[in-house]
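Heads up: the structure comes next, in structure tokens.
A short reminder: the numbers here are calculations on the coordinates, not readings from a lab. Computed from a prediction, not measured in an experiment: that's the story for all the values here. Virtual Cβ from ideal backbone geometry, glycine too; neighbours counted across all protein chains shown.
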């Protein structure tokens, strides 16, 4: 894979040589917004492609949810960073993110607290494997306005997580999911695509994405 191909991915996937080429020849030709989605936080590894990050960020800025729930923090350099950045731009909003691995959870929470205080103000880091730990953070009168699924590679788990959030969905709720084309979403994808209540707003695929979608809940 050449430099041009990786430039559709993100800064952290570049080799040392490609990073030097990017900084010297490519970065000066890009505007601030394009650099932002490609680079993220250079010191905090993120895995999502630039186009996925942009679609995620724009969906939150456009819809302005009071809360967004995320399954799969990892260390917080990908979706966590860009959802938090969207809330920071809006000046309000909270991301509640859940990570199953204690080590990744601690790395992410510590980095945000010490290095990204302006974003940390918009993020609540939770450790756990059961999506049910989110119940106490959901206002039943409001429901869930926004959720993002990027957890384990177990298809049954992704479907269970979706069903949990769907129980709190209201007209206008947005669901975002990563790895839409992979086995992780093997059970979730056909269930959502066959349900007329969920309307696709964004569908990304190769080469700019490994599969990323934004759906809106519109019952009736």
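Taking percent of Cα pairs over 28 Å apart straight from the coordinates, which label in (i) 26; (ii) 30; (iii) 22 is the correct one?
(i)
Mind pulling the angle between the C-alpha long axis of helix 79-90 and the longest principal axis of the chain? Nearest 10 degrees, somewhere in 0 to 90.
For 79-90 against the chain, the angle is about 80 degrees.
Each label point is 7 Å from the Cα along the Cα-to-Cβ direction; what then is the distance between the points at residue 27 and residue 186, in nm?
4.1
Give the distance, in whole Å, between the Cα centre of the stretch 181-220 and the Cα centre of the stretch 41-80.
Cα centres, the stretch 181-220 to the stretch 41-80: 17 Å.
Where does helix 155-166 land angle-wise versus the long Cα axis of the chain, in degrees 0 to 90, nearest 10?
60
Do the sum for the chain: with -39,500 (n - 2.57) for every DSSP H run of n ≥ 4, divided by all residues, what is the mean residue ellipticity at 222 nm, to the nearest 500 deg cm²/dmol? Don't skip to the answer; put the middle values down first.
Numbers: 9 runs with 80 residues, N = 220.
Result for the chain, helices only: -10000 deg cm²/dmol.
Which order do peptides 12-23, 175-186 fall in by mean Cβ count within 10 Å, highest first?
Working: 12-23: 14.2, 175-186: 20.1.
By packing density, highest mean first, the sequence is 175-186, 12-23.
Taking the Cα atoms only, what angle lies between the long axis of helix 50-63 and the longest principal axis of the chain, rounded to 10 degrees?
So the helix axis and the longest Cα principal axis differ by about 50 degrees.
With 5 Å bins from zero, work out the P(r) of the stretch 2-41 over every alpha carbon pair and list the percent per bin.
6, 26, 40, 26, 3
Calculate how large, on average over all directions, the projected area of the Cα convex hull of the stretch 124-220 is; give the answer in nm² to one decimal. Intermediate results must be reported in sequence, preceding the final value.
Numbers: hull surface 26.1 nm².
Computing the convex hull of the Cα atoms and averaging its projections yields 6.5 nm².
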